[in-house]
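The values are calculated or read from the model by the stated rules, or taken from the named source; none is laboratory data. Since the model is a prediction, treat every value here as computed from it, not as a measurement. Quick reminder, even Gly has a Cβ in these numbers, built from the backbone with ideal geometry, and neighbours come from all protein chains shown. Quick note on the areas: whole protein, heavy atoms, side chains included, nothing else; ligands and nucleic acids left out. Shrake-Rupley method; radii C 1.70, N 1.55, O 1.52, S 1.80 Å.
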Amino acid sequence: MCGIVGYIGKEQATPILLDGLKKLEYRGYDSAGIAVMNGGEINIVKAKGRLKVLCQMTDDGAAVKGACGIGHTRWATHGEPSETNAHPHCNDEKTIAAVHNGIIENYAELKAKLIRRGYTFYSQTDTEVATKLVDYYYKKYNDPLRAISEFALRVRGSYALAVMYCEYPETVFAIRKDSPMIIGTAKGGAFLASDVPAILKYTKSVYYVDNLEIVRLKSDGATFFNLDREEVEKVPVEITWDAEAAEKGGFEHFMLKEIHEQPKVIADTLNYAVKNGKIDFSEIGLENKFLKKLNGVIIVGCGSAYHAGVVMQYVIEDIARVPVRVELASEFRYRNPVASGELVIVISQSGETADSLAALREAKKKGLKTLAVVNVLGSSIAREADYVFYTKAGPEISVATTKAYTAQLIAGYLFAIKLAEVKKTVDAAVISALVTELKTLPEKVERLLADKEKIQKFAAETVDKNNVFFIGRGIDYAVGIEGSLKLKEISYIHSEAYAAGELKHGTISLIEKGTLVLGVLTQGALIEKTVSNLVETQSRGALIATVVTQGVRLPETGFERVFYVPETDSHFTASLAVIPLQLLAYYLSVLRGNDVDKPRNLAKSVTVE
Ligand code: F6R
């Protein structure tokens with residue numbers, strides 16, 4: 001969701017900005033632009049559409065000279081995607097240029113005030129308002145830092161804002177609130193970006209900018225200030241993954257690469273929290289005495305993170321016998337939930353999702369303890385939660401999540417088992433068997449991946465389907481909602497996921513000749529019941545496919561398309577059943593000629609409501 005890059009140093013800025021923006025393409029965008037300072041003048045180039053248009057317009061960066069610049073990919077919020085609405089925006093004199101990620105909620109009110117003070121607006125964006133507000137205060141106080149702090153005092157909403165002033169031709173200024181921004185420093189240059197992959201090629205030394213911190217970036221480094229413009233000391237973090245981890249590594253798409261990374265992600269996430277065969281949460285800070293007293297858990301998240309929470313609910317309740325409620329973060333944040341004493345688990349790959357962050361804050365306001373299950377180090381949710389479980393998925397570039405969801409499941413299993421251990425709801429021998437079984441998952445996922453051609457063939461057979469239903473019971477239902485979302489997101493095929501028993505209560509009317517119904521069948525005693533529901537749809541003309549645990553004998557049904565997943569403990573089957581569903585969505589997307597990694601209308605990190 002919008003990407004920002006900034007550079008000041010000894011090199012030409014434009015190729016660095018374009019390269020950085022390419023690395024942020026996964027966030028989703030519909031226009032792009034750069035502003036580069038040269039001899040005290042700002043040059044701005046903007047284009048609607050893909051970055052390659054901007055690259056052509058600038059001769060891959062060679063045509064726009066200067067060693068200080070800012071760049072932006074815009075995902076339209078206020079105003080359609082167009083060159084005029086694209087960032088950077090500037091004042092009329094072109095002495096100030098800015099790029100912005102987020103939403104200025106009171107932009108209409110601020111715009112009206114600025115119009116009264118003589119400003120003219122050309123775009124429909126809140127960013128032009130932000131730029132002209134900074135310009136207004138700069139003209140008033142003649143101080144670039146003060147202009148930014150005055151801006152921050154007057155705007156409501158979220159922003160990561162980078163500004164250049166002609167009178168400071170070798171400096172980039174920035175501020176953020178609830179929208180991600182990182183700073184990188186290297187010999188002879190300094191960078192800012194929305195996310196690490198944009199600058200990983202140049203440096204691994206990164207500062208995470210805190211809310212309402214102002215940054216002054218010069219070629220010899222970064223200085224940080226609070227809103228009173230007092231200097232703030234910050235310590236950089238060393239990024240441990242390399243540039244290759246953020247590249248495709250020989251795969252045709254990031255999504256396929258990330259699907260294949262899942263065995264490693266499972267192993268890495270297990271290694272993070274399992275020491276000498278025992279679950280160890282000391283790094284996370286969750287103490288046994290806290291867990292022992294816990295009598296309720298609320299899980300919140302959005303999209304796939306919410307789906308991981310639904311799996312977690314089944315697992316925690318079954319083995320730790322603690323009541324669990326799973327909620328969409330966007331609902332939880334506004335419905336004034338009744339809660340006391342529960343632990344709130346906020347699941348988020350990016351750690352920046354606006355609704356999840358707001359849900360976390362709502363939980364804290366109610367005095368509840370919070371545990372973040374987050375992938376991105378130093379992200380807002382990670383910083384604001386009481387405890388953090390870092391999933392070890394590494395950088396996830398594909399908009400449709402796969403490996404981060406998988407890592408979230410592992411975090412959920414570990415939490416459930418630890419809780420069960422502390423509360424003594426299952427024997428020590430069972431705990432140890434569950435941990436041992438978790439360690440077999442990477443190899444089982446490898447086996448599924450080795451068989452991916454079967455799914456590819458099935459995708460070719462079903463590429464023309466326009467309606468797909470996923471059904472299952474218990475954890476099989478929970479994995480079905482994730483499979484259905486994957487399909488919708490990247491193949492653009494309409495799909496629904498239903499708890500198998502619920503189908504008859506209305507939805508079955510949608511089944512007609514040729515409708516694809518996919519049954520997930522891994523939950524022992526529930527399998528026969530779901531099979532009956534599948535048969536009901538089969539007799540109404542549906543084409544049936546099933547994902548089944550190896551060794552399970554299905555009743556005589558005539559189902560021809562059966563995809564087996566290795567046997568595992570019934571609590572962990574989502575980790576295996578999801579693999580064929582991810583692959584199906586992937587291959588259908590490829591066959592339909594879609595942009596797999598950057599599906600239409602979607603953004604990787606949803607930092608607005
Ligand atoms: C689905 C997907 C989204 C995210 C959701 C939450 O493939 O990627 O549904 O899961 O936007 O994002 P995070 O986990 O970053 O909070």
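Data table
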quantity	calculated
Helix runs (DSSP H) in the chain reaching 18 Å along axis by Cα, Kyte-Doolittle at least 1.6	574-591
Rg in Å to one decimal, and Dmax rounded to a whole Å, for the chain via C-alpha atoms	25.3, 81
Partners for LYS201 among aspartates and glutamates (Cα-Cα distance below 13 Å; same-chain residues under 8 apart left out)	ASP19, ASP242, GLU244, GLU247
The range 529-573: relative contact order in percent, alpha carbon pairs under 8 Å with at least 6 residues between	35
Cα gyration tensor shape of the range 185-295, rounded if a/c is under 1.5, else prolate or oblate by comparing a/b with b/c	oblate
Flagged links, alpha-carbon separation over 20 Å, of LYS22/LYS234; LYS23/LYS46; LYS46/LYS248; LYS264/LYS452	LYS22/LYS234; LYS46/LYS248
Accessible-area value, ARG325, 1.4 Å probe, nucleic acids and ligands omitted, Å²	70
Pairwise label distance in nanometres, GLU567 with TYR122, each label 7 Å out on the Cα-Cβ vector	7.0
Overall form of the range 298-340 per C-alpha gyration tensor (a/c, 1.5; a/b vs b/c)	oblate
Calculated [θ] (222 nm, deg cm²/dmol) that DSSP helices of n ≥ 4 give over the chain, each run adding -39,500 (n - 2.57)	-11000 deg cm²/dmol
Potential lengthening between LYS52 and ILE115 on full extension [0.36 nm per residue; Cα-Cα distance subtracted]	19.1 nm
Label-point separation, SER539 to TYR492 (7 Å along Cα→Cβ), nm	3.8
Spatially proximal lysines relative to LYS504 (Cα-Cα < 18 Å; intrachain offsets below 8 disregarded)	LYS513, LYS529
Percent carbon-and-sulfur accessible area, the range 363-517, ignoring ligands, DNA and RNA, probe 1.4 Å	52
Those aspartates and glutamates that a straight Cα-Cα span of less than 19 Å connects to LYS444, excepting residues fewer than 8 apart in one chain	GLU258, GLU261, ASP268, GLU453, ASP476, GLU567, ASP569
Under 20 Å from the GLU80 label point (7 Å along Cα→beta-carbon), backbone N, the range 570-609	600-602
Sequence-separation-based contact order of the chain, relative, with Cα cut under 8 Å and 6+ spacing, percent	12
Segments 235-241, 351-357, 16-22 sorted - mean Cβ within 10 Å per residue, highest first	351-357, 16-22, 235-241
Solvent-free Debye scattering, log10 I(q)/I(0), computed from the Cα coordinates of the range 340-495 at q = 0.08 Å⁻¹	-0.31
